[in-house]
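Laboratory data are not the source of any read-out in this text; all were calculated from the coordinates shown. Being a predicted model, the structure only gives us computed values, none of them experimental. Glycine gets a Cβ as well: all are built from the backbone with ideal geometry, and neighbour counts include every protein chain shown.
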Amino acid sequence: MYYKEYIKLLKDINANSKKNLLNGDWENNEGIYKKVDKNGYYIPFSGNTVLIFLNYEERNKLQEIQKKLYSKIGYLLAEPLKPETFHITIHDLCNPFNSEDINLCMKETEEKIKNIFINDFTHLKPISICFNSIGLFHGNSAIGVEFMPSSKKDFTYLMYIYNKIDSLFPLNATLIPHVTLGYYKPIYYSKEDRKKILETISNIKFDINIKLDLSKLTLQKFNNMNEYLEIYTIISNI
C-alpha cells in the first residue's frame, strides 16, 4: 500500500467508526468482558505487544483530551487509563483471543522478537517517526486518539517495523495508529448512550502532533490494560 492510500484508509476508518455507533445492531466488542468488569475496573488480561510509549510532554497533551472526554461521558466508560501507559501499539502479539496457551506463546514470540530487534531494528535507534492527529476514534471496545504518519518517510519506517514483526506473527489486520484513552464497560449501550458518545467524540476538536523515538521501541508484557512490564527494548542492544 502506498502512503496516500494509507492516509485515506485511516481517515475513512475514523469516519466509518463514528457512523457505526448509530447502527441499530452495534454492541461493544465481546472481548471487553475479558478486560473490564461491570463496574469499569480493569481485570487480569495477559499478553505481550510491541509498542512505543509517549514522552512526558505528549502524554500531557493526550491527558487533556482524556479529561475532556471523561468530563462528558466518563459514566459510560471504564476507569481512565493512566497517562504513563499512553502508547502507540506497533504490533499486537499474544493474548487470550489468539492463543490457547498464553505463557507458551509469549515465551516463543519473545525470543523471536528479540532477534528481530537485534538483527533488523538496531539501526533505527537514532530515528523518530512523526504523526498527526486525525481525531477521536471509536473502536468497538475503546475510545482513543487516531493518528496518521506525517510523511511518506514516517510511513515507510512504520510499515518496515510492522511488516518485519508481522512476518513472524501474522495478524491479517490493518495497523491503525492510535492512543487508547479508555475502554467501554461490558454493558448495554442504548441509542441515547451512543448518540451521546458520538456527539462527544465529534465535538472534542484538537490538532496535535507527536514524535516517537524508535530508540523507545519496546516489547512489553501486560497484566491488564493499565499495567505494562518491559521485556526488551532497542536500547537493550547496546
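Averaging the Cα positions of each part gives two centres, and for the stretch 1-68 and the stretch 80-156 these lie 12 Å apart.
Once C-alpha pairs closer than 8 Å and six or more residues apart are averaged by separation and normalised to the residue number of the stretch 124-204, the relative contact order reads 33 percent.
Residues 216, 38 in ascending order of nearby Cβ atoms (within 10 Å, fewest first): 38, 216.
When you restrict to C-alpha pairs under 8 Å that are six or more residues apart and normalise by the size of the stretch 3-237, the relative contact order lands at 34 percent. Only lysine pairs 8 or more places apart, or on different chains, with alpha-carbon atoms under 19 angstrom apart are counted in the stretch 130-238, and they number 10.
For a distance above 27 Å, tell me the whole-number percent of Cα pairs in the stretch 35-167 that qualify.
Numbers: 2695 of 8778 pairs.
Tail fraction, whole percent: 31.
Could you tell me the calculated FRET efficiency between residue 33 and residue 123, based on Cβ-Cβ distance and R0 = 41 angstrom, to the nearest 0.05? With a Förster radius of 41 Å, E is 0.45.
At 222 nm, what value in deg cm²/dmol follows for the chain if DSSP H runs of at least 4 each add -39500 (n - 2.57) and the sum is divided by all its residues, to the nearest 500?
Working: 5 runs with 79 residues, N = 238.
After summing the helix terms and dividing by the residues of the chain, the value is -11000 deg cm²/dmol.
By the equivalent-ellipsoid construction on the alpha carbon gyration tensor, the chain comes out with semi-axes of 28, 21, 16 Å, ordered largest to smallest.
Each label point was placed 7 Å from the Cα along the Cα-to-Cβ direction; for residue 150 and residue 71 their separation is 2.8 nm. With the simple model of a label 7 Å out from the Cα in the direction of the Cβ, residue 191 to residue 203 spans 2.0 nm. Put simply, the C-alpha atoms of the stretch 55-114 give a gyration tensor, and the ellipsoid matching it has half-axes of 32, 16, 7 Å, longest first.
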